[in-house]
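Here's the structure we're looking at; comments come further down.
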Amino acid sequence: MKKTRIEALGEFGLIRHLTENIKTQNESTVYGIGDDAAIIDYDNKESLVSTDLLMEGIHFNLVYTPLKHLGYKSIIVNLSDIYAMNGKPEQVVVSIAISSKFTVEAIEELYEGMKEACREHQVDMVGGDTTSSLTGLVISITAIGSVEKGKAIKRNSAKETDLICVSGDLGGAYLGLQILEREKAIYMKDPEIQPKLTNYEYVLQRQLKPVARRDIVSLLKEHEVTPSAMIDVSDGLSSEILHISNQSNLGCRIYQEKIPIRYEARLCAEEIHLDPIIAAMNGGEDYELLFTVPVTQHEKLVAIPGVSIIGHMTHAESGHYLVPENGEDVKIEAQGWNPIKG
Ligand code: ADP
Ligand code: MG
């Protein structure tokens, strides 16, 4: 593979190289890359803006993350935030800081992944910034989206007795990360040993190529189900349900056996001696949607495929509990900010 030093192109050359083929496709994108600012027009809709900062060594490890996957995932996690507001992402702004260890081809790989995610979700890349870094790769992405006036779904509007629902399955992404970390540790000790990654396809894909649940937002609309509160699962079920509960001034009960965990994830958890419930509750990065729905919509809700009802909201005084089939209720605790996990 060619290895072109960034200096060969310079900042402007690199920007041109990365962005020359980008065509915009949304009506709301009036003007994209090429001027001091992009122009966006959402007419009579509300705009949603969400941003994420990703640091090499904190949020991603390039030892086991292919740059294309990193680019893809860094866009997806931002789009997920817009979907979690019941919105439609339409633009992204991408800023990168790169150290001299990266070649033009490496950054191209990163952008290939970003562009693929944008294509899949019909999102326009409308700008960014490029600078150098002394410590490693930094990626900052801002996603912009639209939602009909008054239709954004926040975290603070769940009601007592609402059903707690989650899309897809949980814990896989964290288990995938454990496998990658395990293989990295083995490789560090003996680079001759080939990483053992077969049989872990499902959890690895959950970690390296997450899905932003646009389909769930559409299905909810189609089935006329209106969540009272919604959030995406980036930090694990514990932390997310506490956000909804605390911001809505309510308690919650989650039934352990209702938490959706894939067979592949259970197998993997067993192998590495980790309780799959811990992976689901405290792992994170599954990017599923967690939402609350009034009980009156129960019938319409159960008609939606790929959604599990895992519990219900309660009065604030009842606290926040995980309820196992047998044994005592377990208090759901905040994980807090973990500078290692980010
Ligand atoms: P400025 O001097 O105003 O910061 P730049 O020369 O940095 O402008 O950027 C020129 C154009 O390219 C702008 O539209 C900017 O948004 C876009 N751009 C710069 N860096 C990136 C990047 N890494 N990814 C996508 N677009 C970029
Ligand atoms: Mg700039």
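The values are calculated or read from the model by the stated rules, or taken from the named source; none is laboratory data. These numbers come from a predicted model, not from an experiment. Reconstructed Cβ throughout: ideal geometry from the backbone, glycine too, with neighbour counts over all protein chains shown.
Could you go through region 304-317 and let me know if any residue there is in a helix (DSSP H, G or I), hydroxyl-bearing (Ser, Thr, Tyr) and more than 30 Å from VAL138 (Cβ to Cβ). Taking every residue of region 304-317 in turn, none turns out to be in a helix (DSSP H, G or I), hydroxyl-bearing (Ser, Thr, Tyr) and more than 30 Å from VAL138 (Cβ to Cβ).
Of everything listed in (1) farther than 21 Å from PRO305 by Cβ; (2) in contact with a strand residue (DSSP E or B) (Cβ under 6 Å, 6 or more places away or on another chain), the single unmet condition for ILE216 is (1). Regarding TYR321, is this residue in the same structural domain as TYR174 (by TED's automatic domain parsing) and crowded, with 16+ Cβ neighbours inside 10 Å? Yes: the conditions hold for TYR321.
Against the numbered list (1) in a helix (DSSP H, G or I); (2) among the small types (Gly, Ala, Ser); (3) within 18 Å of the chain's Cα centre (by Cα), GLY284 comes up short only at (1). Close Cβ contacts (under 7 Å, 6 or more residues apart or on different chains) running from residues in region 62-78 that are closer than 25 Å to GLY145 by Cα to residues that are among the β-branched types (Val, Ile, Thr) comprise SER74/ILE139; SER74/ILE141; ILE75/VAL92; ILE75/ILE141; ASN78/VAL92; ASN78/ILE141. Only helices (runs of 4 or more DSSP H) whose full extent lies in region 173-259 are considered here, and the ones with at least 2 residues that are assigned by TED's automatic domain parsing to the domain that holds LEU301, more than 20 Å from ILE278 (Cβ to Cβ) and free of Cβ contacts under 8 Å to residues at least 24 places away in the same chain are 214-222.
Of all residues in region 77-134, exactly one satisfies the criterion of being polar (S, T, N, Q), within 16 Å of ligand 1 (Cβ to nearest atom) and in a helix (DSSP H, G or I), namely ASN78.
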